[in-house]
Structures are given as structure tokens and as C-alpha cells.
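Chemist: Sending over a structure as C-alpha cells; questions will come in a sec.
The values are calculated or read from the model by the stated rules, or taken from the named source; none is laboratory data. Please read all numbers here as calculations on a predicted model, not as lab measurements. No Cβ is skipped: glycine too gets one built from the backbone with ideal geometry, and neighbour counts run over all protein chains shown. The area values use the complete protein model at the heavy-atom level, side chains included, leaving out ligands, DNA and RNA. Shrake-Rupley method; radii C 1.70, N 1.55, O 1.52, S 1.80 Å.
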Amino acid sequence: MSFSPLSTRLSRLGRFLFGGILALLVVDFGLRLIEVTPLWRILPVVQPILGQPDKDFGFESTPGGRGIWTTEHRARVQLNSLGLRDVERELAKPAGTFRIGLLGDSMVEAAQVGQQATFAAIAERRLRADGYNLELINLAIAGPSPIRQLWRLERRGYPLNLDLVVANSAASSFLSGKLLDDSENPAYVRMGNGELAVGYGFRERFSQRHADDLIGRLFIGLYQNSPLFRMLYLRSTEPLSVLLGLPSAQSASQRSVMGLPPPAPEAARFACDQATAALEPMIHLWRDHRPELLWAATARFLDDMAQSTRTHGVRLLYAIRDIPLPPPDCPATSARADLLLAMDREFASRGIRLIDWSAAVAEVVDGPAEIPRLHGFGIHKGAGHLNYDGHRAWATTLIGVLRRELLPGTASQDSAAATHPDR
Amino acid sequence: MAFNSLAYALLLTVTVAWMAIGPSRALMLIVASLIFYAAAGPFDMLVFLGAVTLNWLIQVAIPADRRRIVAAVVVNIGLIGYFKYRNMLLGETGPTGSYIDLALPLGISFYSFQALAYHIDIVRGRNRPARSFREFFLFKAFFPQLIAGPIVRPNQTLPQIQRIFDDKWRRHRLLVFGLSLVVLGLVKKVVLADSLAPVVDDIFYVRPDSAYLAWLGAVLFTFQIYFDFSGYSDIAIGSAYLLGIRLPQNFATPFLAASIQQLWQRWHITLTMFLRDYLFLPLADMRLVTRRYRVMQHFCAIVLTMTFCGLWHGAGWNFVLWGALQGVAMVFAALWSRYLPSPPAPVGWAATITFFVTTLVFFRSPNLGYAFNYLDTMLSFRGGWPAVVDDAAPPWEVVAGVVGLFALHWIEFRLQQPGVLLVMRRAEGPVSRGFLSGVALLLILIPVTNVNPFIYFRF
């Protein structure tokens, strides 16, 4: 076998690499082209990373961040100049306007639908059409820890001169341990003296340590502006077996027969058992204050939230969702009532109004059995984030709550809205 | 192992490099094929190795006459029958009302047919048999065509494989051609088929109540399955080319056909040829009736062959009906061309594509009942022109998209012209190789929101 001279081989290698660089440019251009044309609805796009590392917050939205959200459902996402999933808002509150801030996680941020289809936007439109001079500002940011909502309120909410805050958290988020986990964002950690203090363990992460240096800024700039770089970065964070595509085609085909839906769960039979099992740890936490550390963090969070809103003269409504709704003849119904009593006691003692959000939504959509249809899209309907029907139902629920809590004397309008959840 | 995975890209790269510079090329191909199929799991591997061994034993133990064909039919059709049609025969359906056995060994329909063709051709003297088990194994297991074809005959690949064993292997000079086919296949699979899949799934899942949505689902599924399977075939042919082996063409822009016969001559060509040679011709040539009724026998053979084709695609009465309808349409077209003047090409094209799109509903549906309901919605034309709600794409954008899909098909037709090969010959070199390799790698890395295995993996 004869080999070419070294210079020839190097030249070939150089030209091969040049071809590879051309491929990078062409694919990056192709991905950008898809994003700016109607093809974004169907062809592959790379989901945006709408934030960046932040020393105080862990991960904070980037003002003006935008892109095509692809998880669960495709939607154009655009953050405003304040870094909120909302239309542009002036920091100074317009005279005579009542400002309401909506805090929450990804369910409220609602990247799966267009901004105008979010329940916050729908509720604002409908209330304004009814003559109320108010603004409903979406302050939500994805992330399972309720503490993110407090930091979000302090950083983004108070500068907007809010009159009212409506927070929305999943009941499970208090059980997940995220309030005690400071590896991604601030959390309550136990100090040497046994007291809880806000910890910033996430600052030790590589991405945080280098966020402000040249390489870090270059990296962030690249993943925010180049779909190709973002794609490569996101793929590099996957487990090796997923990256290699090793979950076999056979097992994938076993998951679904040509995309047909999986068999419907026998919801009725298991609803009571499921509710009972899900309520148990919630009752332990809110009534029995167990586990002790988890309760200490929860109580501390409620104290901090109450203290913060009180200091800024803002009223707080706290909606807790996903407290299981057992069928009427299920013994767990009384357990649920006990839980709500305990929760209400804890919230009320701190001057916070608790809202049983799932029950309120259930009223709007003719019962708990209808709630699953508000979540998920297409073949995955029944689970996940809110779909369009879900946002309409949540908007109706929010309007009902606001009217009951703040604008008394409109009960008849509540009923009318409730009978038209898709209005 | 899916073609659109990084693992496959690595396997192919290492194998191509080894073939270029390393010793024991045949052994390398066998090892690579085993690694490739091992990703399917131990059960599938066991069934595959058992099938190869049984077929080899048939060759060495049974004389090359009718008895060998009977044994090959019993073993190979028996394997498919047991794994694929057991539920249908027993009347046991899965959770979706389908007879399809979810534990179907990967590629069993393909490698069983290939083995059957091998034995028949050897007995008929059309080709020399494999000289050793290793040759026979590589003929059956050659990884680019192992799972979903093209279904190759012994005269198509066995001589090429024997050249590798004889150490007379030579790499094809036009690497850009192989790489281009791989890239074309990846574009079809990753960019087009996988993008259409969730839309089609959603439409068939919600059981559309408007004709617009039902037609959209049927048309998009037609393109999804085409892009999916022809994309797979392109990658298979391109990969094999890079390894120095030519595989037969499997698709030739079927949606430009002006008649149903033409469409089937351009759709899954290796299966059509297989059915023609090993089923239709024997049925049509059998001396069952007098000369006067030979035409009728001929037509019956067409319908029976296409019905079998439907059954091969899936264990379900919906597949059987789908195949039978293709056969009836072919008979109808044959009668038309015999007694009536040919319609203008655009009319023939429109009738052919409308028929194919409509009947593919049987293919996509989990059972006959679902298919008839879906067709009822399609053909009722109820619902009118849809309003734009909930961020949905305006209908004109959707229609433009469908027109764009046909346009892509036409572009693909243009790419298959001989002049393109001349362009590739001029472009052959490190830059184009680097470019195509880079594009292929990046296409593999494009994020997927849903796992969409190649549709034909389940056949």
C-alpha cells in the first residue's frame, strides 16, 4: 500500500475540515431560515434557552429572549424587555390602573402557547373588555422551586408597583425538596447552629463561576444566538446512551403502534386510591409538620413571602394547585378537607389568602373529571402543561377568583362565565 | 440500531475506514452487522441467528430441488406466520384493537423473504449458492439492508460479498455519491418524515370531524410513510455504496406516476419485484383454466398478489383490504387501458394519487372500523373551510405546505437524472466529502421531540 506525501495528506485534511465548516454554516443558516418562515410550525427547530446563569437567582430570563418552543407544543416565545413572558410593559404604573402580578412556574409562564393565548393574557383582555382598568402581568418563570417565585417578585415584580400578587404553585413543589436544594437556585440550607439560611450552593457550578468571564459570555452569546451551537450544546448534555441513539428502534416501536394512543387508564377505579396516596404526604407536611426539615423550609418560605409582600404593601393570594380531588364517595374527601383546613391555617396566620386552585378550576369545567382534558396536546392530551382549552378555563377561574376576592358584587357574572369556560 | 443515530454513524465510519485500510474485511463486516443488530435486543438476535442457521441447514442438508423450496417456505413463512400473524389467526388483539404483535422481531419480514428468494433462485439455477456459512451469513446479515431492505436477491449482492471474501474488494471511487444518498435519506427521515409524524399522529388520534382535517391527515401520512421508508432505503443504499456494495433501487419518485401500475413499479420496488417473480408469475402461469379464461386468471393473480402484499405489511384485515384494493385498482386500470383511450397524464396522475392517498387510510388505521369512519369523514366533505383558531396555521399555509411536498418530490425526480451524477463526479473531493459528512452528522444531531422509529421497522 502506498501513501501520499505528508503535505498532500495535510492538504486533504484541511480541505475536508473546510467542507465540515461549510456544513456547520449551511445547517445553521437552514435552522435560522426555518425559524423565520411558517415552516417553524412543522420542521425541526432548536428550542431556545430563554435565560442565562445569574449569581443571585441561579438562572434568570434574558430580556428580549425569543425563539420557537418545541416541548409538548410549538409556539413562538418572546420575552419582553423586562425579561417577562408578557407584552411590553412600562415600569411606571399608568395612572388609575390596578396592577396584578402573576407568579408561578412553567404552568403560568406557558411557553407552549402563543403569548396572546396564555390565561394571563385572556383574563386581562376579558376583564378590560368588561371595563376594569387593570393589568395582569405575567411574572412567572419555569422551575419547580417555590422560592424562585419570591426572588422573582423581589427582582422583577416590585419595580412594577404591583397592587396585588397572585402566586400559583403545585402542591407537590413543597414536597419535592427543592426548597432545601441550592444546587440550581437559592434555597434554605441548615447552618451549623441548626437555623435555616438562604444558601447559594449553585454559585460553585462551573457555569456560574465562568458566567462573567470572556469565555462564559461568548458561550452564552453563542447558545442564545446560534441555533446550531445551541443544538450541539443541548445534545452534549444528554446521557451518552441517548446521545448515541441506543434506545433501540425495537423498544421505541413497542411504546406506540404507529403513534396510536396508549390505552386509556381506568381512571374511575383508581382515582380514589391515587388521591389517597397523593394526599398522605401533603397531610404529613401541612398538618403534622413532618418531615421536620421540609416543614421548617416551607414555613420559612411562607414567612419570607408574607414578610416581603407586607413590606412592599402588596396583597398576596396564593393558589395551590394539584391537591388531588377524590371522587365524591371516596374516604379521601374528608382527608382533603382536613388538609385544606391545615393549609388555610398556615397561610391565614401569615396574612396570605389561600386558594384551592384545582377545586376552583373544577367548578369552571363541570367537575374534576374534566381537568385532564385541559392539559397536554394532541396524542399526549391528558397530561402536561395547559393546552388552549386549559388556558381558557384557567382564565375564567382567575377572573372568578379576582372578582370574588377584590371586586365583590359580581357573582352573577361569575356564574355566567363559568357556564362558558371556552369563552 | 437506527440509521439516524450517532451510534450508527460511528459504526459506519469505523467500518468504512476499516474496509479502506484494514485486513479481514469480511470478518469486519460480519462483526459490524452483529453489533448493528445487537441493538435490537437479545430476543431478536436469537431469532435472527436461529433463522440464519436454519436456512443454512436447509442448504447443506436438503437437495437443490422442490423439497428445498418446500423446506424454505415452511421455515421462513412459518417464522413470519408465528411471530407476525399468530395474533390475527387466534383473533387476539392488542390494546389499540390491532393484531400487530408488539414483540415482532426486528426486520423478520425482510430477512425471511430474502432467505426465501435465495433458496428459490438457487434451486432454479439462477445463482450459485454461498460457498460457506460465513458468506451466507453476511449475505443475510449485511447491516445496511438487514432490517428493512431493500430485499436483495442472491445475484444482486452475493457475488459482491464473495469478492470481499476472495480479497478482491475495491472501494467505489465516487464517495460523494454514497454520502449524498445518506444525506438525502437523512433529510427525508429527520427533517421531513419525523416532522410530519406528530401532526399525522394528532390528526388520527383526535378522529377528525372535518373533511379538511381528514384529507390533510391522509395526505401527510402518505408523504410521511414515503419519506420515512424511501429515506431509510436511501441511507441503506448509500451506506452500502460506501462499503463497496451496490444495493438495488427501492423507490423512484412514485407520486409522479400516472397510473397505479406505474406507482407500484416505483414504490418499494424490491418487494414488488419479489412478489412479481415469486408469487404473481407462478399464479398467472399455472395451467388452471382454459386459454379463454387466462385473462381472468391473470386478473385474479394480480388481486391475490396484492392482497398478500397487504398482509405482508401488517397483520390486520385493514392491511388485507388495502392490498386487495391495490389489486382491484390494477385490474381496473388494465381493463381501462384495454378497452378505453388513455386519459391525459395529469388526469391519470390525479386519479392515481387520490386513490393511493385514500386507500392508505386503511394502512394507517388500527382496524377496519376506524378506517371506515375516517373515510366517511373524508368523503363527506363536511366541516367546510376551517377557521383559524388557537395559534393554528392558516389553511392557505397548510395547502402551500402540501403543494411544497409535491414540489420536493419533483425536485427529487430531477436529482435522479443522469446529469446529477456528472456533477457529483466533478465535485468529488475532500471538500465535498467533508461537507456531506458534516451535514449528515448534524442532521443526526437535530433534536427530536418524539421518538419516531422507522415505520417499516415493524413489518
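Chemist: Using the Cα atoms as the points, what is the convex hull volume per residue of chain A in Å³?
Modeler: 208
Chemist: Now a separate question. Taking the dipole about the Cα centre of the protein assembly as shown, with the C-beta of Lys and Arg at +1 and of Asp and Glu at -1, give me whichever of A:Pro326, B:Ala115, A:Ala111 is farthest to the positive side.
Modeler: Final value for the positive-end residue is B:Ala115.
Chemist: Still on this structure, I have one more. For chain B, build the charge dipole from Cβ charges (+1 Lys, Arg; -1 Asp, Glu) around the Cα centre, then report which of B:Leu174, B:Thr290, B:Ala218 sits farthest towards its positive end.
Modeler: Towards the positive end, the residue furthest out is B:Thr290.
Chemist: Test of the criteria: in segment B:353-428, which trypsin sites (Lys or Arg not before Pro) are in a DSSP loop and have at most 14 other Cβ atoms within 10 angstrom of their Cβ?
Modeler: B:Arg382
Chemist: Next up: Among rounded, prolate and oblate, which fits segment B:206-338 when a ≥ b ≥ c are the square roots of the eigenvalues of its C-alpha gyration tensor, a/c under 1.5 means rounded, and a/b larger than b/c means prolate?
Modeler: oblate
Chemist: Using a 10 angstrom cutoff on alpha carbons, build the Gaussian network for chain A and name the most mobile of A:Glu292, A:Glu195, A:Glu204.
Modeler: It is A:Glu195.
Chemist: Which of the three applies to chain B, rounded, prolate or oblate, going by the alpha-carbon gyration tensor with a ≥ b ≥ c and a/c under 1.5 meaning rounded?
Modeler: oblate
Chemist: Something else about it: Under 11 Å from the Cβ of A:Asp288, count the other residues' Cβ atoms, weight Lys and Arg +1, Asp and Glu -1, and hand me the total.
Modeler: Around A:Asp288, the charge tally is -1.
Chemist: Calculated from DSSP H runs of 4 or more alone, at -39500 (n - 2.57) each and per residue, what is the 222 nm mean residue ellipticity of chain A, nearest 500?
Modeler: -13500 deg cm²/dmol
Chemist: A further question follows. To the nearest 0.05, what FRET efficiency results for B:Asn127 and B:Arg170 with a Förster distance of 30 Å applied to their C-beta separation?
Modeler: 0.90
Chemist: Next up: Around A:Ala110, under 14 Å between beta carbons, what's the net of Lys plus Arg minus Asp minus Glu among the other residues?
Modeler: -3
Chemist: Once you've got the GNM for chain A with C-alpha springs shorter than 10 Å, pick whichever of A:Asp28, A:Asp86, A:Asp163 has the biggest mean-square fluctuation.
Modeler: With Cα springs under 10 Å in chain A, the top fluctuation among A:Asp28, A:Asp86, A:Asp163 is at A:Asp28.
Chemist: Quick one: if you stick a label point 7 Å off each Cα along the C-beta vector at A:Ala95 and A:Thr237, how many nm between them?
Modeler: It is 4.7 nm.
Chemist: Excluding B:Tyr226 itself, calculate the net charge of residues whose Cβ lies under 15 Å from the Cβ of B:Tyr226, where each Lys or Arg counts +1 and each Asp or Glu counts -1.
Modeler: 0
Chemist: A further question on this structure: In chain A, if the dipole is taken from +1 on Lys/Arg beta carbons and -1 on Asp/Glu beta carbons about the Cα centre, which of A:Leu234, A:Thr311, A:Thr37 is farthest to the positive end?
Modeler: After comparing all options, I get A:Thr37.
Chemist: Using C-alpha positions alone, give me the convex hull volume of the protein assembly as shown per residue in cubic angstrom.
Modeler: Hull volume over Cα atoms, normalised by residue count, gives 209 Å³.
Chemist: What Cys residues in the protein assembly as shown have no fellow cysteine's beta-carbon under 4.7 angstrom?
Modeler: Here B:Cys300, B:Cys309 come out as lacking a disulfide-compatible partner, given the Cβ-Cβ threshold of under 4.7 Å.
Chemist: Which residue fluctuates the most in chain A, going by a Gaussian network model with Cα springs under 10 Å, if the choices are A:Pro372, A:Pro239, A:Pro38?
Modeler: A:Pro239
Chemist: Give me Rg/Rg_expected for segment A:272-323, where Rg uses Cα atoms only and Rg_expected = 2.2 N^0.38 Å with N residues.
Modeler: Working it through for segment A:272-323, the quotient is 1.41.
Chemist: Given a 1.4 Å probe and every protein chain left where it sits, what share in percent of the accessible area of segment B:117-163 is carbon and sulfur?
Modeler: Carbon plus sulfur share of accessible area: 44 percent.
Chemist: Okay, moving on. DSSP loop GluC sites (Glu not before Pro) in segment A:84-186 with at most 11 other Cβ atoms within 10 Å of their Cβ, which ones?
Modeler: The qualifying sites are A:Glu88, A:Glu90.
Chemist: Turning to a different aspect of this structure: Taking the Cα centre of the protein assembly as shown as origin, sum charge times position over the Cβ atoms of Lys and Arg (+1) and Asp and Glu (-1), and report the length of that vector in debye to the nearest 20.
Modeler: It works out to roughly 4160 debye.
Chemist: Still on this model: Tell me the chymotrypsin sites (Phe, Trp or Tyr not before Pro) within segment A:1-97 that lie in a loop according to DSSP and have at most 16 other beta-carbon atoms within 10 Å.
Modeler: Hits after loop and neighbour filter: A:Phe3.
Chemist: From the phi of every residue in segment A:184-189, what ³J(HN,Hα) in whole Hz does the Karplus formula 6.51 cos²θ - 1.76 cosθ + 1.60 yield, where θ is phi - 60° and glycine or proline is x?
Modeler: 10, 8, x, 7, 8, 10
Chemist: Under 20 Å from the 7 Å Cα→Cβ point of B:Ile77, by amide nitrogen: which residues of segment B:122-152?
Modeler: Taking a point 7 Å out along Cα→Cβ of B:Ile77, the residues of segment B:122-152 whose backbone N falls under 20 Å are B:122-125, B:151-152.
Chemist: Label segment A:55-105 by shape, choosing from rounded, prolate and oblate, from the square roots a ≥ b ≥ c of the eigenvalues of the Cα gyration tensor; if a/c is under 1.5 it is rounded, and otherwise prolate applies when a/b is larger than b/c, oblate when it is not.
Modeler: Judged from the Cα gyration tensor, segment A:55-105 comes out prolate (a/c at least 1.5, a/b above b/c).
Chemist: May I pose another question? Using a 1.4 angstrom probe with every protein chain in place, what is the largest-first accessible-area order of B:Lys189, A:Lys93?
Modeler: A:Lys93, B:Lys189
Chemist: Enter the Cα centre distance for the pair segment B:1-61 and segment B:234-255, rounded to the nearest angstrom.
Modeler: If you average the Cα positions of each part, the centres end up 18 Å apart.
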